[in-house]
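K.L.:
One structure, as structure tokens, below. Some questions next.
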Amino acid sequence: MIFRAVEDGDLIRQAARGNVEAFNLLVSRWEKRVYNYLLRLTANREDALDLTQDVFLKAYQNLRKLDDAARFAPWLYRIAHNEAYSMFRKRRPESDVADLPPVATETGIAVGGNPVFPIELSLAVASALERLTPEQREAVTLKIYQGFKFEEMAEILSCPVSTIKSRLYTALELLKIELAPIEARGVS
Amino acid sequence: MSCSPFDLKDYFFEELDGAERKQVEAHVTGCRTCREELSRLRLTGTTLLSLREEEIPRRIAFVSDPVFEPSAWRRWWSGFWNTPARLGFGSAALVSAALVVFALARPAPVQPVRLVQVPTVQTAQAAPEVSEAAIQARIDQAADRAVAARTRQLKDEVAAERQRLLMVAAELEVDNRRQHALFMSAAEYGPPRQPALEAK
């Protein structure tokens with residue numbers, strides 16, 4: 001007898017035929033990643049949770065439009081990206097999203113030049129990420145934390161790979177400078 | 001400025017294929033500057049990954065709700081439209097539309113006119129003439145039939161009533177005889193006793 005794990009493709013096909021339980025299993029596999037992606041974008045837990053629910057609801061309603069089950073992840077993150085930026089536009093319709101200042105959160109602490117204890121490392125990283133532009137932060141999130149390839153990121157963000165690389169590499173240079181004091185204290 | 005054959009960041013992000021990666025690794029082995037740059041990238045990456053993913057505060061689950069589910073028609077249409085059949089359907093629809101437009105726009109052909117002699121029907125002359133006397137006779141016959149039927153019905157009802165009255169009279173006769181017999185018996189055995197008066 002051959003055992004095969006139930007893959008996302010199987011669940012997607014079943015969910016597209018109206019199997020809610022299959023979709024719930026799919027949600028359980030992806031909800032944490034989508035939530036953390038939206039948390040990096042919004043820097044607000046409540047917003048991230050609300051958006052995550054909206055993302056999966058839209059995904060369920062539009063699952064039949066997904067032609068290739070192998071493209072589920074970029075497709076899902078594309079929905080998440082659109083939902084997040086839709087929320088940004090609703091809250092600040094008069095300004096461009098790229099001009100929005102970093103959102104103040106409970107995780108923000110000063111890093112540059114100040115001593116940072118190892119226990120505060122994750123807070124320092126969060127603070128450094130907040131200093132990036134929203135586009136740079138999203139590129140770092142998709143690449144470093146979500147592990148997408150450049151091609152997939154281009155699909156999610158609807159822009160050329162060259163733009164993705166430009167945002168990511170600029171962000172990486174800034175993060176190197178921001179995190180240098182912490183790294184000098186011995187991150188292994 | 002890196003002197004690597006390929007961008008060290010592309011190597012760091014694993015966006016190079018196998019041959020390109022080997023070239024970069026060979027270069028880094030002999031180039032101190034690129035080795036240090038790659039080391040800094042790795043250190044930054046490690047630092048960034050110290051930011052752990054958070055658990056989602058509340059699990060998300062859906063229940064089957066017809067409100068959120070497309071109708072059977074929409075499911076069928078979606079399934080149909082996402083198949084190669086849509087091309088055939090589209091072509092057929094286009095041809096049908098063209099035929100309809102052609103049929104509506106084309107002038108109707110003129111048929112040659114031929115005169116035909118149609119015989120006229122003389123209804124007034126052909127109809128049989130019915131006289132007033134005949135009509136009156138038919139009415140009288142119908143009235144006579146109705147009167148005779150009613151008379152027979154009444155006679156039957158009278159006979160039935162007479163029969164019923166005879167039966168009632170016979171029953172009365174029987175009752176009278178029974179009553180007479182009772183009077184005779186009472187006279188023979190005397191009046192009934194009155195126990196209450198005797199006790200006093």
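Derivation of every value follows stated rules applied to the coordinates shown; laboratory data play no part. The structure displayed is predicted, hence computed values, not measured ones. Using ideal geometry, Cβ is built from the backbone for each residue, glycine included, and neighbour counts are taken over all protein chains shown.
K.L.:
Stokes-Einstein diffusion coefficient for the stretch B:137-191 at 4 °C in a medium of 1.567 mPa s, Rh from the Kirkwood formula over Cα pairs: what value in µm²/s?
P.N.:
85
K.L.:
What ranking do B:Trp73, A:Trp75 get, fewest neighbouring Cβ atoms within 10 angstrom at the top?
P.N.:
B:Trp73, A:Trp75
K.L.:
Using θ = phi - 60° and the Karplus curve 6.51 cos²θ - 1.76 cosθ + 1.60, what whole-Hz ³J(HN,Hα) does each residue of the stretch A:43-50 get, with Gly and Pro shown as x?
P.N.:
Karplus-based 3J(HN,Hα) across the stretch A:43-50 equals 6, 8, 5, 5, 4, 4, 5, 4 Hz.
K.L.:
Work out, step by step, the length gained on full extension between B:Thr151 and B:Glu14: first 0.36 nm times the residue separation, then minus their alpha carbon distance; give nm to one decimal.
P.N.:
The span from B:Thr151 to B:Glu14 would gain 37.4 nm if fully extended.
K.L.:
Take the alpha carbon atoms of the stretch A:1-75, find their center, do the same for the stretch B:147-163, and report the distance between the two centers in whole angstrom.
P.N.:
Cα centroid to Cα centroid, the span is 94 Å.
K.L.:
Let me confirm one metric for peptide A:31-41, namely the mean number of other chain beta-carbon atoms within 10 Å of its residues' beta-carbons.
P.N.:
Averaged over the peptide's residues, the number is 3.
K.L.:
Give me the net charge for the shell around A:Leu157: Cβ to Cβ below 13 angstrom, other residues only, Lys and Arg +1, Asp and Glu -1.
P.N.:
Charge balance near A:Leu157 sits at +1.
K.L.:
I would also like to ask the following. Once the other residues with Cβ under 11 Å from the Cβ of B:Ile56 are scored (Lys, Arg +1; Asp, Glu -1), what is the net sum?
P.N.:
+1
K.L.:
Now for a separate question. Taking K and R as +1 and D and E as -1, what net charge do the other residues with C-beta under 10 Å from the C-beta of B:Asp10 add up to?
P.N.:
Summing Lys/Arg as +1 and Asp/Glu as -1 gives -1.
K.L.:
Under a plain spin-label model, where a point goes 7 Å from the Cα along Cα-to-Cβ, how far apart in nm are B:Arg178 and A:Lys149?
P.N.:
11.7
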